[in-house]
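Enquirer: This structure is in C-alpha coordinates; I'll ask about it shortly.
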Amino acid sequence: MKEKVQNSSEASRRRRIQRVAGVMAISCMFLALALAPCMAVVWAYVEHLAPLRLPAALLTDLSIVDRVGGFMLSLLVVGVAIWGLASLAQLFARFRRGDIFDLRNATLLRRFALSVLLLPPANLLTEGLSTAWLSRDAPPGEGMIALSLSSNDLLFGVIGVLLLTIAWVLHEATAISEENKLIV
Amino acid sequence: MTIVVTLDVMLARRKMRGKALAAAIGISEQNLSLLRSGKVKGVRFATLQRICAVLECQPGDLLTFAPSSDDEAS
(Lines give C-alpha, C1' and ligand atoms only; values in the text may rest on other atoms or scores of the structure.)
Protein backbone atom coordinates (compact mmCIF):
# COMPACT_ATOMS: atom_id res chain seq x y z
CA MET A 1 0.00 0.00 0.00
CA LYS A 2 2.79 2.36 1.05
CA GLU A 3 4.71 1.42 -2.11
CA LYS A 4 1.63 2.13 -4.27
CA VAL A 5 1.25 5.61 -2.73
CA GLN A 6 4.96 6.25 -3.26
CA ASN A 7 4.76 5.13 -6.92
CA SER A 8 1.73 7.30 -7.59
CA SER A 9 3.40 10.38 -6.03
CA GLU A 10 6.54 9.66 -8.09
CA ALA A 11 4.44 9.40 -11.25
CA SER A 12 2.68 12.66 -10.39
CA ARG A 13 6.05 14.41 -9.84
CA ARG A 14 7.29 13.07 -13.18
CA ARG A 15 4.16 14.29 -14.96
CA ARG A 16 4.69 17.76 -13.48
CA ILE A 17 8.33 17.78 -14.66
CA GLN A 18 7.21 16.65 -18.12
CA ARG A 19 4.54 19.36 -18.33
CA VAL A 20 6.92 22.18 -17.34
CA ALA A 21 9.68 20.76 -19.56
CA GLY A 22 7.30 20.68 -22.53
CA VAL A 23 6.50 24.39 -22.17
CA MET A 24 10.17 25.25 -21.66
CA ALA A 25 11.28 23.22 -24.70
CA ILE A 26 8.89 25.11 -26.97
CA SER A 27 9.81 28.49 -25.39
CA CYS A 28 13.55 27.90 -25.79
CA MET A 29 13.16 26.77 -29.39
CA PHE A 30 11.00 29.81 -30.16
CA LEU A 31 13.59 32.12 -28.55
CA ALA A 32 16.43 30.44 -30.45
CA LEU A 33 14.57 30.90 -33.74
CA ALA A 34 13.56 34.49 -32.95
CA LEU A 35 16.97 35.77 -31.84
CA ALA A 36 18.53 36.38 -35.26
CA PRO A 37 15.43 38.10 -36.76
CA CYS A 38 15.14 40.23 -33.61
CA MET A 39 18.77 41.29 -33.95
CA ALA A 40 18.09 42.22 -37.59
CA VAL A 41 15.20 44.45 -36.42
CA VAL A 42 17.46 45.98 -33.76
CA TRP A 43 20.05 46.91 -36.41
CA ALA A 44 17.34 48.26 -38.74
CA TYR A 45 16.13 50.65 -36.02
CA VAL A 46 19.28 50.84 -33.94
CA GLU A 47 19.05 54.64 -33.45
CA HIS A 48 15.62 54.31 -31.81
CA LEU A 49 16.02 51.02 -30.00
CA ALA A 50 19.69 51.25 -28.97
CA PRO A 51 19.73 48.15 -26.79
CA LEU A 52 23.35 47.55 -27.81
CA ARG A 53 26.29 48.59 -25.65
CA LEU A 54 27.65 50.97 -28.29
CA PRO A 55 28.53 54.68 -27.99
CA ALA A 56 25.53 56.78 -29.10
CA ALA A 57 27.80 58.98 -31.26
CA LEU A 58 28.43 56.02 -33.57
CA LEU A 59 24.73 55.30 -34.07
CA THR A 60 23.87 58.31 -36.22
CA ASP A 61 23.50 58.35 -40.01
CA LEU A 62 24.14 54.66 -40.43
CA SER A 63 24.22 53.33 -43.97
CA ILE A 64 22.86 49.95 -45.05
CA VAL A 65 26.44 48.62 -45.16
CA ASP A 66 27.01 49.81 -41.57
CA ARG A 67 23.85 48.08 -40.41
CA VAL A 68 24.51 44.83 -42.28
CA GLY A 69 28.10 44.76 -40.99
CA GLY A 70 26.90 45.48 -37.44
CA PHE A 71 24.30 42.74 -37.75
CA MET A 72 26.88 40.24 -39.02
CA LEU A 73 29.17 41.06 -36.08
CA SER A 74 26.24 40.69 -33.66
CA LEU A 75 25.74 37.18 -34.98
CA LEU A 76 28.77 36.19 -32.92
CA VAL A 77 26.82 36.79 -29.68
CA VAL A 78 23.55 35.63 -31.24
CA GLY A 79 25.23 32.41 -32.44
CA VAL A 80 26.47 31.61 -28.93
CA ALA A 81 23.01 32.35 -27.51
CA ILE A 82 21.28 30.22 -30.18
CA TRP A 83 23.68 27.33 -29.49
CA GLY A 84 22.89 27.57 -25.77
CA LEU A 85 19.13 27.86 -26.27
CA ALA A 86 19.05 24.99 -28.77
CA SER A 87 20.91 22.79 -26.26
CA LEU A 88 18.46 23.84 -23.55
CA ALA A 89 15.48 23.11 -25.84
CA GLN A 90 16.87 19.62 -26.52
CA LEU A 91 17.42 19.09 -22.80
CA PHE A 92 13.83 20.06 -21.95
CA ALA A 93 12.53 17.90 -24.81
CA ARG A 94 14.33 14.92 -23.27
CA PHE A 95 12.87 15.74 -19.83
CA ARG A 96 9.43 15.89 -21.46
CA ARG A 97 9.97 12.39 -22.88
CA GLY A 98 10.80 11.20 -19.35
CA ASP A 99 14.56 10.76 -19.82
CA ILE A 100 15.60 12.43 -16.58
CA PHE A 101 18.88 10.80 -15.60
CA ASP A 102 20.78 10.35 -18.81
CA LEU A 103 24.37 11.08 -19.83
CA ARG A 104 23.15 13.03 -22.87
CA ASN A 105 21.24 15.39 -20.54
CA ALA A 106 24.42 16.15 -18.61
CA THR A 107 26.18 16.93 -21.92
CA LEU A 108 23.35 19.25 -23.03
CA LEU A 109 23.32 21.10 -19.71
CA ARG A 110 27.11 21.44 -19.95
CA ARG A 111 26.73 22.96 -23.44
CA PHE A 112 24.21 25.48 -22.13
CA ALA A 113 26.53 26.33 -19.21
CA LEU A 114 29.40 26.88 -21.66
CA SER A 115 27.23 29.16 -23.79
CA VAL A 116 26.37 31.23 -20.69
CA LEU A 117 30.08 31.44 -19.84
CA LEU A 118 30.97 32.39 -23.42
CA LEU A 119 28.38 35.17 -23.68
CA PRO A 120 30.36 37.93 -21.84
CA PRO A 121 33.57 37.42 -23.88
CA ALA A 122 31.50 37.18 -27.09
CA ASN A 123 29.72 40.39 -26.13
CA LEU A 124 33.04 42.11 -25.42
CA LEU A 125 34.48 41.00 -28.75
CA THR A 126 31.36 42.01 -30.68
CA GLU A 127 31.33 45.41 -28.99
CA GLY A 128 34.98 46.05 -29.85
CA LEU A 129 34.58 44.90 -33.45
CA SER A 130 31.30 46.79 -33.93
CA THR A 131 32.76 50.11 -32.73
CA ALA A 132 35.80 49.57 -34.94
CA TRP A 133 33.47 48.80 -37.86
CA LEU A 134 31.19 51.80 -37.32
CA SER A 135 34.10 54.23 -36.87
CA ARG A 136 36.11 52.89 -39.82
CA ASP A 137 35.47 56.02 -41.89
CA ALA A 138 36.32 58.43 -39.07
CA PRO A 139 39.25 60.83 -39.62
CA PRO A 140 42.67 59.62 -38.47
CA GLY A 141 42.91 59.60 -34.68
CA GLU A 142 39.14 59.44 -34.22
CA GLY A 143 38.68 55.72 -34.83
CA MET A 144 37.22 53.96 -31.86
CA ILE A 145 37.27 50.60 -30.13
CA ALA A 146 34.93 50.49 -27.15
CA LEU A 147 35.07 47.69 -24.61
CA SER A 148 32.95 47.51 -21.50
CA LEU A 149 32.27 45.08 -18.70
CA SER A 150 29.26 45.26 -16.45
CA SER A 151 28.13 43.49 -13.30
CA ASN A 152 25.80 41.46 -15.56
CA ASP A 153 28.86 39.89 -17.21
CA LEU A 154 30.13 38.84 -13.81
CA LEU A 155 26.71 37.41 -13.01
CA PHE A 156 26.74 35.45 -16.28
CA GLY A 157 30.14 34.04 -15.28
CA VAL A 158 28.88 32.96 -11.85
CA ILE A 159 25.71 31.40 -13.30
CA GLY A 160 27.78 29.66 -16.00
CA VAL A 161 30.10 28.10 -13.42
CA LEU A 162 27.10 27.12 -11.29
CA LEU A 163 25.43 25.42 -14.28
CA LEU A 164 28.68 23.65 -15.20
CA THR A 165 28.85 22.29 -11.65
CA ILE A 166 25.21 21.16 -11.83
CA ALA A 167 25.96 19.42 -15.15
CA TRP A 168 28.84 17.64 -13.45
CA VAL A 169 26.58 16.63 -10.54
CA LEU A 170 23.96 15.40 -13.05
CA HIS A 171 26.66 13.29 -14.68
CA GLU A 172 27.46 11.71 -11.29
CA ALA A 173 23.74 11.26 -10.53
CA THR A 174 23.34 9.48 -13.85
CA ALA A 175 26.12 7.06 -12.94
CA ILE A 176 24.40 6.36 -9.58
CA SER A 177 21.04 5.95 -11.32
CA GLU A 178 22.58 3.47 -13.78
CA GLU A 179 24.02 1.51 -10.87
CA ASN A 180 20.68 1.56 -9.04
CA LYS A 181 19.05 0.03 -12.10
CA LEU A 182 21.28 -2.99 -11.51
CA ILE A 183 19.98 -3.45 -7.97
CA VAL A 184 16.76 -5.45 -7.96
CA MET B 1 31.94 -12.12 -9.21
CA THR B 2 32.33 -14.20 -6.06
CA ILE B 3 28.68 -14.17 -5.04
CA VAL B 4 26.82 -16.71 -7.16
CA VAL B 5 23.05 -16.46 -7.50
CA THR B 6 21.53 -19.92 -7.22
CA LEU B 7 17.93 -18.84 -7.72
CA ASP B 8 17.61 -21.17 -10.74
CA VAL B 9 18.35 -24.17 -8.51
CA MET B 10 15.65 -23.15 -6.00
CA LEU B 11 13.15 -22.53 -8.80
CA ALA B 12 13.84 -26.00 -10.17
CA ARG B 13 13.46 -27.53 -6.70
CA ARG B 14 10.13 -25.78 -6.19
CA LYS B 15 9.11 -26.55 -9.79
CA MET B 16 8.24 -22.92 -10.31
CA ARG B 17 8.62 -20.77 -13.41
CA GLY B 18 10.47 -17.45 -13.37
CA LYS B 19 7.41 -15.69 -14.75
CA ALA B 20 5.28 -16.90 -11.83
CA LEU B 21 7.94 -15.88 -9.31
CA ALA B 22 8.28 -12.42 -10.88
CA ALA B 23 4.51 -11.94 -10.62
CA ALA B 24 4.44 -13.24 -7.04
CA ILE B 25 7.20 -10.94 -5.77
CA GLY B 26 6.18 -7.93 -7.83
CA ILE B 27 9.26 -7.34 -10.00
CA SER B 28 9.56 -7.36 -13.77
CA GLU B 29 10.54 -10.52 -15.62
CA GLN B 30 13.44 -8.58 -17.09
CA ASN B 31 14.80 -7.79 -13.61
CA LEU B 32 14.29 -11.37 -12.46
CA SER B 33 16.15 -12.58 -15.53
CA LEU B 34 19.04 -10.23 -14.69
CA LEU B 35 19.04 -11.57 -11.13
CA ARG B 36 19.00 -15.21 -12.29
CA SER B 37 21.91 -14.61 -14.63
CA GLY B 38 23.89 -12.83 -11.89
CA LYS B 39 24.11 -9.63 -13.92
CA VAL B 40 22.94 -7.43 -11.04
CA LYS B 41 25.06 -5.38 -8.65
CA GLY B 42 22.86 -6.00 -5.63
CA VAL B 43 19.62 -7.36 -4.25
CA ARG B 44 17.40 -5.32 -1.92
CA PHE B 45 16.50 -6.97 1.40
CA ALA B 46 12.83 -6.44 0.49
CA THR B 47 13.25 -8.41 -2.77
CA LEU B 48 15.20 -11.14 -0.99
CA GLN B 49 12.52 -11.33 1.70
CA ARG B 50 9.74 -11.74 -0.89
CA ILE B 51 11.65 -14.40 -2.83
CA CYS B 52 12.36 -16.33 0.37
CA ALA B 53 8.69 -16.08 1.40
CA VAL B 54 7.43 -17.37 -1.97
CA LEU B 55 10.04 -20.13 -2.38
CA GLU B 56 10.01 -20.98 1.35
CA CYS B 57 13.76 -20.89 1.63
CA GLN B 58 16.61 -18.99 3.31
CA PRO B 59 18.78 -16.26 1.69
CA GLY B 60 21.66 -18.73 1.86
CA ASP B 61 19.71 -21.02 -0.48
CA LEU B 62 19.71 -18.28 -3.13
CA LEU B 63 23.21 -16.88 -2.81
CA THR B 64 26.52 -18.67 -2.37
CA PHE B 65 30.01 -17.33 -1.91
CA ALA B 66 32.62 -18.76 -4.28
CA PRO B 67 36.07 -17.46 -3.32
CA SER B 68 38.17 -16.30 -6.26
CA SER B 69 41.92 -15.71 -6.44
CA ASP B 70 41.32 -11.95 -5.83
CA ASP B 71 39.50 -12.68 -2.57
CA GLU B 72 42.26 -14.94 -1.35
CA ALA B 73 44.88 -12.27 -2.12
CA SER B 74 43.01 -9.63 -0.11
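Enquirer: Of the conditions (1) modelled with pLDDT of 95 or more; (2) among the aliphatic types (A, V, I, L, M); (3) surrounded by 19 or more Cβ atoms within 10 Å (Cβ to Cβ), A:Leu73 fails just one. Which one is it?
Expert: Unmet for A:Leu73, out of (1) modelled with pLDDT of 95 or more; (2) among the aliphatic types (A, V, I, L, M); (3) surrounded by 19 or more Cβ atoms within 10 Å (Cβ to Cβ): (1).
Enquirer: Would you pick out the residues in region B:35-63 that are in a helix (DSSP H, G or I), touching a residue at least 40 places away in the same chain (Cβ under 8 Å) and not charged (D, E, K, R)?
Expert: Listed by number, the residues that qualify are B:Ile51, B:Leu55, B:Leu62.
Enquirer: Answer yes or no as to whether B:Leu32 is within 14 Å of another protein chain (Cβ to nearest Cβ), in a helix (DSSP H, G or I) and either in contact with a Gly (Cβ under 6 Å, 6 or more places away or on another chain) or over 20 Å from A:Glu178 (Cβ atoms) (or both).
Expert: yes
Enquirer: Can you tell me which residues in region A:147-184 are in a loop (DSSP other than H, G, I, E, B) and surrounded by fewer than 16 Cβ atoms within 10 Å (Cβ to Cβ)?
Expert: If the condition is that a residue be in a loop (DSSP other than H, G, I, E, B) and surrounded by fewer than 16 Cβ atoms within 10 Å (Cβ to Cβ), then A:Leu147, A:Ser148, A:Leu149, A:Ser150, A:Leu182 are the ones that fit.
Enquirer: Okay, moving on. Considering each residue of region A:153-184, count those that are of a type in the set (S, T, N, Q) and free of Cβ contacts under 8 Å to residues at least 12 places away in the same chain, and give that number.
Expert: Residues in region A:153-184 being of a type in the set (S, T, N, Q) and free of Cβ contacts under 8 Å to residues at least 12 places away in the same chain: 2 in total.
Enquirer: Can you name every residue in region B:11-27 that is in a helix (DSSP H, G or I), closer than 18 Å to B:Gln49 by Cα and small (Gly, Ala, Ser)?
Expert: B:Gly18, B:Ala20, B:Ala22, B:Ala23, B:Ala24
Enquirer: Determine whether A:Phe101 is aromatic (Phe, Trp, Tyr), in contact (Cβ under 8 Å) with a residue 40 or more places away in the chain and crowded, with 19+ Cβ neighbours inside 10 Å.
Expert: No.
Enquirer: Let me ask something additional. Just to be sure, is B:Gly18 within 11 Å of chain A (Cβ to nearest Cβ) and either in contact with a His (Cβ under 8 Å, 6 or more places away or on another chain) or closer than 20 Å to A:Lys181 by Cβ (or both)?
Expert: no
Enquirer: Return only the number of the condition from (1) closer than 19 Å to A:Leu182 by Cβ; (2) more than 13 Å from chain A (Cβ to nearest Cβ); (3) of a type in the set (A, V, I, L, M, F, W, C) that B:Ile51 does not satisfy.
Expert: (2)
The values are calculated or read from the model by the stated rules, or taken from the named source; none is laboratory data. Owing to the predicted nature of the structure, the values given are computational and were not obtained by experimental measurement. Positions of Cβ are backbone-derived with ideal geometry, glycine not excepted, and every protein chain shown enters the neighbour counts.
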